[in-house]
Each structure stands twice: as C-alpha cells, then as structure tokens.
Amino acid sequence: MTTGAERLLQVLSDSGVKYIFGNPGTTEMPIMHALRQFPEMTYVLGLQETAVVAMADGYAKSSGSAAFVNLHTAGGLGHAMGALLHSQIAKTPMVVTVGQQDTRHSFSDPLLYGNAVGMAAPVVKWAREVLHPHQIAPLLRRGLEATMTPPLGPVFLSLPIDVLTGETTDLVEKPSTVNRTAAAGGLKDLALALMEIQPERLGIIATDEVNAGDAIAELVNVVDLLGARVHGPSWPGGMSFPASHPLWKGNLPTTASEMRSVLSDLDAVFVIGDNPFISYLYSDGPALPQGCRLYQITHDGNEAGRTYPTELACVGNLKTSLHALGLLLVDANGHHEQARAAHRSLASAEREVRLSCLEAQLEEQKQRTPISPFVAAGEVLNALNTDVIVVDEAPATMLHVRSFLEKINVRRYLFMRSAILGWGLPAAVGAALGSPGSPVVALLGDGSALYAPQALWTAARLGVPVTFVIMNNAEYNILKRYSVAQGYETGGNSTIAGMELDTPYIDFQALATAFGITARRVYRADEIHSAIQEGVSSGRPNLIEIVISTS
C-alpha cells in the first residue's frame with residue numbers, strides 16, 4: 001500500500017520534477033516525511049510564501065519546465081497571492097498545491113481551515129480539491145499537462161491531510177506523451193499577404209510567447225526574409241528578439257496614444273504571440289493606427305484578435321509555424337529585395353548612431369555624483385558577458401538597461417511582466433536553479449527588494465551564483481515621477497507623503513549579512529564595473545548596493 005503523499009512524489013519524480021518550492025506546516029508533514037524516499041528531488045525552502053512562488057516562477061521561466069509549489073493551507077496561499085497573480089499574468093507554467101485540514105472535521109471550522117480552492121480560482125487556469133488518495137495521481141498528471149498547454153499558466157490543487165496520509169492501491173502510470181508541435185493553418189495566405197507589404201511599411205512585434213516557445217531563431221529568420229523592423233511589447237516579461245539585431249527598434253511605449261504614434265508610419269503590423277498592446281496610463285484612442293492592418297501568429301487561440309480585429313490570425317505552435325512560414329517566404333523572396341536591403345542598411349546606420357550617442361552620454365555623465373540611474377545601468381551592463389542571465393525589477397533603471405542591451409549580449413533578460421513588485425529578488429534565485437552554470441544578476445529597486453528579502457536566505461543556503469544589485473535612491477522614485485507627470489505636483493518633484501525611504505536609512509549591507517550573504521556599497525561610477533565582475537566571478541550569492549540619484 002502507498003500513501004497519498006508517496007504517490008504524489010512518485011508522479012512528480014516520474015515526470016522529471018527536480019525541485020519542490022515550499023514553506024511547510026503541519027498539513028504538509030506527510031509530504032516532508034515521504035520526501036526522504038525521493039532523494040532525486042530537492043526541497044527549496046522559502047521563508048515566506050511570496051518568495052516561494054516567485055522563486056518557482058523564476059525557475060520555470062529560466063528552465064522552460066513547469067515548477068511545483070507546496071504551500072501551507074489557505075493562510076500560506078494568502079501570503080502568496082500577489083506572486084501567484086504575477087505568474088498568471090506572466091503565463092508561467094506552475095502547479096501550486098496547498099495542504100488542507102482533515103476533511104473529516106472540516107464542517108466544524110478547525111484551525112487553519114479555509115476555502116483554498118475559492119481563493120485560488122481567480123488567478124489560476126483551474127483549481128480543485130483532491131478528495132481521495134486514488135485521485136492524486138490522475139489530477140496531478142492533469143495539472144502538469146494543463147499548465148504546459150497554451151495558454152500557459154498556474155493550476156491549483158488543495159491536498160487535505162487525510163488524503164495525503166490515506167492509502168491508495170492505484171497503479172503507477174507513466175507520464176503522458178503529448179505532441180504540441182502542430183503548425184498553424186493559413187500560413188500560405190499569411191506569407192502572400194506579408195510579402196506584398198513594403199519592408200519599411202511593415203512592423204513586427206515579438207512577444208513573450210516567442211521565448212516560451214523556443215522560437216527566437218525561427219523568428220530571426222522570418223524577420224530577415226521580410227526585412228521589417230521589430231518591436232517588443234509595451235510591458236514585456238523578457239526579450240524575445242536579439243536587441244543587437246539591426247532591425248530591432250525597442251519595446252513599444254506604455255500608453256495607447258504613444259504606441260499609435262510609434263506605429264503611425266506602418267501599413268500593417270505582424271504580431272508574433274499574444275497581445276503586445278499593454279497600456280499603463282489611460283489615453284484616448286486605440287494603440288493601432290487607423291487603417292493599419294493586423295496579422296498574427298499565436299499558440300494561444302484566446303489571444304487571436306483579442307483586442308483589435310485581425311486580417312488573418314493563425315493559431316499553432318510558434319516554433320513549427322515560424323519555420324514553415326520561413327520556407328514559404330523563401331519561395332516568394334523575389335519581392336522587394338532591393339527595398340529590404342535598403343531598409344536594413346538604413347536601420348543598421350540608425351543603430352550605430354544610437355549606440356554612439358549612448359556611449360557619449362555615458363562618458364559625459366560618469367563623473368557625476370551621486371551616480372545617475374543611466375550611468376548605473378550602463379556600467380552594470382558593460383561588466384556582463386554572454387553567459388549572464390539578467391533579472392530586472394529596478395524601475396529607476398529599467399528603460400536604460402534595455403537601451404544598453406542593444407550593445408551588450410546576455411544569455412537571457414527577464415522582467416516583471418505583471419508590474420507587481422516583489423518578484424525580482426526571489427525570481428533570480430529560481431532562475432539560477434533553472435539554468436545551472438549561468439550566473440544571474442538581479443537588478444532591484446530599493447523599494448522592490450524589500451517585498452521578499454527572505455529569498456536572500458535561500459540564496460545563501462543553496463549557494464546559487466546570484467549577484468543582487470540594489471539601485472538605491474532612498475525613495476519610491478517611480479511614484480514621485482508619476483505624481484509630477486500627472487500634474488498632482490508642480491515645481492519638478494513630488495512632496496506627497498509616503499515616498500521617502502531615508503529616515504531611517506535602510507542598511508542593505510546589514511540586511512544581506514543577516515541572511516548570510518556578503519555585501520558592499522558603491523558610491524562612485526568607476527567602482528561599479530569591478531564590483532559587478534568580482535560579484536559575478538565569485539560564483540556565490542552576493543549583494544551590491546549602488547547609491548544613485550533620483551534623476
């Protein structure tokens with residue numbers, strides 16, 4: 001006979017799950033005891049549930065595999081809800097479980113009992129409670145498949161303690177083999193339509209689906225064949241197109257009116273993936289210019305024509321579909337050949353001018369004290385190499401970082417897709433676990449770093465190669481800038497309450513030391529490069545606080 005907890009771990013092991021991200025309590029003890037029988041799996045202990053879910057999110061994004069999370073009852077789920085909402089928005093594949101009170105006395109409102117399924121349901125693909133040990137294996141297998149099926153996203157299971165301790169006689173079934181590589185239909189019509197558009201009048205927008213579908217190489221081939229410029233979405237979860245490519249034109253801005261302005265010279269937009277038109281502040285009118293045609297390939301049928309009607313939307317596996325589209329474009333490649341070459345040449349020249357201006361601005365500002373956000377971003381990025389994964393949750397420097405990514409090639413760039421702070425620091429720990437051998441540099445605001453600093457302890461415990469870089473301006477700078485930009489304040493800066501983080505001054509070196517991590521503080525721009533290189537080359541978790549100006 002096998003207990004429910006043992007069966008759960010057997011299914012996870014058979015499915016290739018390497019890590020359990022969790023924070024245990026009494027209802028999870030059956031799992032913790034059974035885990036001793038499965039040495040191939042590692043329990044990643046987080047000291048608070050926000051950190052647990054965000055670490056799992058970073059792992060899933062970095063590895064491309066589904067993450068498994070185990071939390072303690074409805075209370076632990078409540079602590080994790082902000083991070084779980086992020087994972088829903090970011091479409092992160094993740095199976096989230098919570099231990100639940102014994103069903104035999106749930107009617108009497110026992111301690112720690114709560115409607116966990118009802119809490120989780122709004123932020124996951126589906127949620128249910130396991131009612132018998134026999135149900136554990138099929139429901140867990142269903143969850144592992146569902147989370148990896150487009151649209152990707154978290155699923156949820158509630159695990160009552162009597163189900164985990166109960167016995168099951170069901171047979172162990174091998175994991176399912178599911179082929180999700182079917183190409184989209186309509187690609188021939190799409191190729192013909194795209195080839196009729198002059199390269200300079202077509203814009204391509206590459207979304208996070210490209211990275212999730214391991215389709216960057218196929219996308220680059222399509223872009224080269226079409227000769228059209230490429231943008232990223234207005235609020236990305238990462239980079240789905242090489243920023244060093246001459247046809248890269250940066251991410252869209254974050255208001256509909258600004259997006260419309262950027263795209264105003266185009267006859268058509270070709271979206272690769274899901275909705276790229278994510279607004280932050282309201283502005284009148286649509287993001288897509290009037291008369292601009294929209295074409296799309298996506299692996300998620302829910303996203304086809306979701307916000308604006310399409311001339312043609314094709315639904316299928318992105319890697320397979322883009323490969324097939326590339327072959328069709330090769331067959332029709334005689335169209336606009338000279339125009340493509342001219343457009344690429346012009347784009348290359350414009351890129352060289354941008355990079356030259358970037359370096360000139362960096363040199364001009366280097367001697368300033370305190371360090372400007374622009375210089376902090378440039379000096380950090382200049383110290384990195386192609387093996388590094390960058391996790392970015394630093395609002396003061398994020399736009400500058402993306403500018404410098406045009407000249408600095410890194411292995412991967414991950415960003416807070418939801419704009420819900422508290423993801424970045426723990427996500428960096430998970431990203432390191434998901435890509436063994438790759439150092440991680442986490443760029444964090446001083447405010448955002450304080451939502452889940454407990455992950456520093458997990459980083460120290462595991463010895464992961466993460467350099468945590470705190471961009472410290474001692475204030476909620478993005479809110480102060482918003483306040484001024486929206487006309488709430490005049491005179492150049494906000495004076496409203498709740499914006500300052502300087503009395504008392506937060507000692508990040510002491511915080512890091514308390515969690516077992518070495519730390520240093522940097523005041524001058526000429527100290528940044530060596531500090532970052534030393535931190536990355538150490539192969540150990542470390543923290544670097546960079547004191548920056550407010551503008």
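Under 5 Å between amide hydrogens, built in the peptide plane, is the criterion, and for ALA67 it picks out MET94, VAL95 among residues at least 5 positions away or on other chains. Report the calculated FRET efficiency for ARG201 and THR181 (r = Cβ-Cβ distance, R0 = 56 Å), to the nearest 0.05. Approximately 0.95, to the nearest 0.05. By the equivalent-ellipsoid construction on the alpha carbon gyration tensor, the range 191-286 comes out with semi-axes of 21, 17, 11 Å, ordered largest to smallest.
A 1.4 Å probe run over the range 125-280, with the rest of the protein chains in place, finds 37 Å² accessible per residue. Across the range 136-163, the residues whose backbone nitrogen lies under 17 Å from the label position 7 Å along the beta-carbon direction of ASP14 are 136-146. Just the protein heavy atoms count here, and of the accessible area of the chain at 1.4 Å, carbon and sulfur take up 53 percent.
Applying 1/(1 + (r/R0)^6) with R0 = 41 Å to the Cβ-Cβ distance of GLU364 and THR513 gives a FRET efficiency near 0.70.
Taking amide H atoms as placed 1.01 Å from N in the peptide plane, the amide H of ALA268 lies under 5 Å from those of GLY203, ARG293, each 5 or more residues away in sequence or on another chain.
Summarising the label geometry, the points placed 7 Å from Cα in the beta-carbon direction at ALA193 and MET1 lie 6.1 nm from one another.
Using only Cα positions of the range 394-454, each an equal point scatterer, no hydration layer, compute I(q)/I(0) via Debye at q = 0.13, 0.20, 0.26, 0.27 Å⁻¹ and quote the log10 values to two decimals. Results for the range 394-454 at q = 0.13, 0.20, 0.26, 0.27 Å⁻¹ read -0.35, -0.83, -1.23, -1.27.
Neighbours of GLN533 by Cβ distance under 15 Å: Lys/Arg scored +1, Asp/Glu scored -1, total -3.
Summing charges over all other residues whose Cβ lies under 13 Å from the Cβ of ASN473, with Lys and Arg as +1 and Asp and Glu as -1, gives -3. Counting lysine pairs in the chain that sit 8 or more residues apart in sequence, or on different chains, and whose Cα atoms lie under 22 Å apart gives 11. Summed over the residues of the range 425-551 and divided among them, the accessible surface reaches 42 Å² per residue at a probe radius of 1.4 Å. Each stretch of four or more DSSP H residues adds -39500 (n - 2.57); spread over every residue of the chain, this sum gives -11500 deg cm²/dmol at 222 nm.
If one computes the Cα centroid of the range 309-364 and of the range 366-443, what distance in Å separates the two points? Taking the Cα centre of the range 366-443 as reference, the centre of the range 309-364 is 25 Å away.
Dividing the convex hull volume of the alpha carbon atoms of the chain by its residue count gives 158 Å³ per residue. Here's the picture: a label point sits 7 Å out from the Cα of SER348 along the beta-carbon direction, and within the range 201-243 the residues with their amide nitrogen under 19 Å of it are 220-230, 242-243. Phi angles across the range 34-45 convert, under the Karplus curve 6.51 cos²θ - 1.76 cosθ + 1.60 with θ = phi - 60°, into 3J(HN,Hα) values of 5, 4, 5, 8, 10, x, 6, 10, 10, 8, 9, 7 Hz, Gly and Pro given as x.
Remark: the range 461-476, residue by residue, has Karplus-estimated 3J(HN,Hα) of 5, 8, x, 6, x, 10, 9, 8, 10, 8, 8, 9, 10, 6, 6, 7 Hz, where x stands for each Gly or Pro and the curve is 6.51 cos²θ - 1.76 cosθ + 1.60 at θ = phi - 60°. Relative to one another, the C-alpha centroids of the range 469-484 and the range 202-271 are positioned 29 Å apart.
The values are calculated or read from the model by the stated rules, or taken from the named source; none is laboratory data. Because the structure is a prediction, the values reported are computed rather than measured. All Cβ positions, glycine included, derive from the backbone under ideal geometry; neighbour counts span all protein chains shown. Note: areas computed on protein heavy atoms with side chains; ligands, DNA, RNA excluded. Shrake-Rupley method; radii C 1.70, N 1.55, O 1.52, S 1.80 Å.
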